[in-house]
Structure formats: structure tokens, C-alpha cells
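J.: I have a structure I would like to understand better, so I am pasting it below and will then ask my questions one at a time.
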Amino acid sequence: MLSLHLLSSTSSSSSSLPTIVSLNCCNCEPSNHLPFPNTNLGFLKVKRQPKVSNLKAGFWESIRSGFGKNNTIQVIETPSSEEEDEEPLPEEFVLVEKTQPDGTIEQIIFSSGGDVDVYDLQDLCDKVGWPRRPLSKLAAALKNSYIVATLHSRKFSSGEEGNAEKKLIGMARATSDHAFNATIWDVLVDPSHQGQGLGKVLIEKLIRTLLQRDIGNISLFADSKVVEFYRNLGFEPDPEGIKGMFWYPMY
């Protein structure tokens, strides 16, 4: 059983100090109960005999080592191998399909590992009211992410599926050291598709993929307006009273 530690900050217009929230991950282990198909995540299995030992870790120890907070867990030690550096393989599947009142069919498609058009991403950021960022930096951020998960909408009439174009309606990404720690960034859903649980799907999918890679210290920055959203997913603010710290220029 692992603990996820989410570093949360208020928006830039607020003077409040950032906080840390923690999620007990007993309900976040890979399972068939998540709101998306039990697809093959494409991880290559290493056929080696592991060495297993039990350890107990506190909050700070879990931050440093990747172990779960206040839980006895199994630590699996395997010989070093290039196979351990394999990245998750891309996947794509239809998450939702529904028929509109006019007979048009809409599919919501989840995908990971594919290319994201930075102009489409900029348009999506505009819709949710985020400040614009240089396109070159957006492209670099996507390229250097460990996982990029997207949601696209496809609308088409019956029998014309092949002519449908995909529209970006959601995205979330994670960076990682590929061993212990990961940070989730840029969780956003088109306002016209909010309130359908799509943001929850993106978060749970990222968590599931990271746990598949034994990455247990997961953090993110959350605007004060959406802290309750993460609380409803099981996250606890300020575990053990610990605060996030940010460096600011002294001049």
C-alpha cells in the first residue's frame, strides 16, 4: 500500500502559502474498477528472480525513498538492467460513445504517448482561462514529459466515421525521475465537457500508469479553486502539517 503526496499551491494571484495533500493509495492500485477499460499498458516484463524484504517508512522517509507513509510494504530489489528503462507504450481506446439528439455520434477517445499539437493545446488553455505560454516551451514540456494523456472528441454521422476529425478536449501530463518521484502537471478539460468525470479519468489513469512502474511519490500543484476536486479523489491537505516551499528571488 503506497501513499501519494500531492504538493498543492494556490493561484498566483493569492498570497496564501502552498500546502501538501496526501492520498492513501490503497484504492489507487491498478484494478478493473477504474472508469476505463482494463487495457494492456504495454510494460515489458523482466524475467528475473526478485529479492523481497519488508520495510517501514514514515512521511519524510517516503519522500526520500519512494516508500509508502506509515505502511509496511514489500521492497523488490532486482539486478540492474537496461530493460528497466523501458517506457510505457502508447495506447488509445474509446472511453465514451454517445448519440446526440440530432443523431450525431460523439466518441471520447483516451490516448497516451501520442503527439499533441501545441496550437490545439494553446486553444484548450485559452478556453479554461490559463495564461498563454510560449509555444516553443509548450512543445519542450510535452517532449520531456514521462507520460502525456489526452482526451479527444470525435463527432460524426452514422456511416461517416472515417471522415471524423478529432478535437482536443482534455490533457494531463506527468514528469518523473523514472524511479521514485513524479509530478502531475497541466490537468485541464474543455469547459463544454466538464462535469462528466473526465478530469478524474485523466488523474486516475496517470496514477495507475505510475504505480505500474513502482513510482509511488506523486505530487502536483493545485489552484485553490480545485483543491476540493482532489480532496474528493481522496487527497488529504497538509499531511502531518508539512508545507510546500518555493524559492523566490530576494531582490
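J.: Leaving ligands and nucleic acids out of the surface, order HIS152, HIS178 by accessible area at 1.4 Å, largest first.
T.: My answer, sorted largest first, is HIS178, HIS152.
J.: Can you work out D for region 145-214 in µm² s⁻¹ from Stokes-Einstein, where Rh is the Kirkwood radius over C-alpha pairs, the temperature is 4 °C and the viscosity is 1.567 mPa s?
T.: It diffuses with D of about 96 µm²/s by this estimate.
J.: At R0 = 51 Å, how high is the FRET efficiency between SER158 and MET250 if r is their beta carbon distance? Nearest 0.05 is fine.
T.: In this case the efficiency is close to 0.20.
J.: Each residue of region 171-180 in order: what ³J(HN,Hα) in whole Hz does its phi give by Karplus 6.51 cos²θ - 1.76 cosθ + 1.60, θ = phi - 60°, with x for Gly and Pro?
T.: 7, 8, 9, 9, 9, 7, 8, 6, 9, 10
J.: Return the long-range amide H neighbours of TYR146 (sequence gap of 5 or more, or a different chain), with a cut-off of under 5 Å between placed amide H atoms.
T.: Amide H neighbours of TYR146: ALA174, THR175, SER176.
J.: With θ set to phi - 60°, apply the Karplus curve 6.51 cos²θ - 1.76 cosθ + 1.60 along region 220-230 and write out the HN-Hα couplings as whole Hz, x wherever there is a Gly or Pro.
T.: For region 220-230, the Karplus curve yields 7, 9, 10, 4, 4, 6, 10, 4, 5, 4, 6 Hz.
J.: Related question: Taking only Cα atoms of region 98-176, what ratio of Rg to Rh do you get with Rh as the Kirkwood inverse-distance radius? Mind dumping the intermediate values first?
T.: Details: Rg = 14.6 Å, Rh = 13.9 Å.
Looking at region 98-176, the ratio lands at 1.05.
J.: Would you grab the residues whose amide H sits under 5 Å from the one on ILE169? Only those 5+ places off in sequence or on another chain, please, with H modelled 1.01 Å from N.
T.: Amide H to amide H, under 5 Å and 5 or more residues apart or across chains, ILE169 pairs with LEU151, HIS152, SER153.
J.: Give me the percent relative contact order of region 127-184, please, defined on Cα pairs under 8 angstrom at least 6 residues apart.
T.: 31
J.: Over all pairs of distinct alpha carbons, what does the Kirkwood formula give as the hydrodynamic radius of region 96-241, in Å?
T.: The answer is 16.6 Å.
The values are calculated or read from the model by the stated rules, or taken from the named source; none is laboratory data. Here the structure is a predicted model, which is why all the values come from computation and not from measurement. Positions of Cβ are generated from backbone atoms using ideal geometry, with glycine treated the same way; all protein chains shown enter the neighbour counts. Each accessible area value is taken on the protein alone, full model and side chains, heavy atoms only, with ligands, DNA and RNA left out. Shrake-Rupley method; radii C 1.70, N 1.55, O 1.52, S 1.80 Å.
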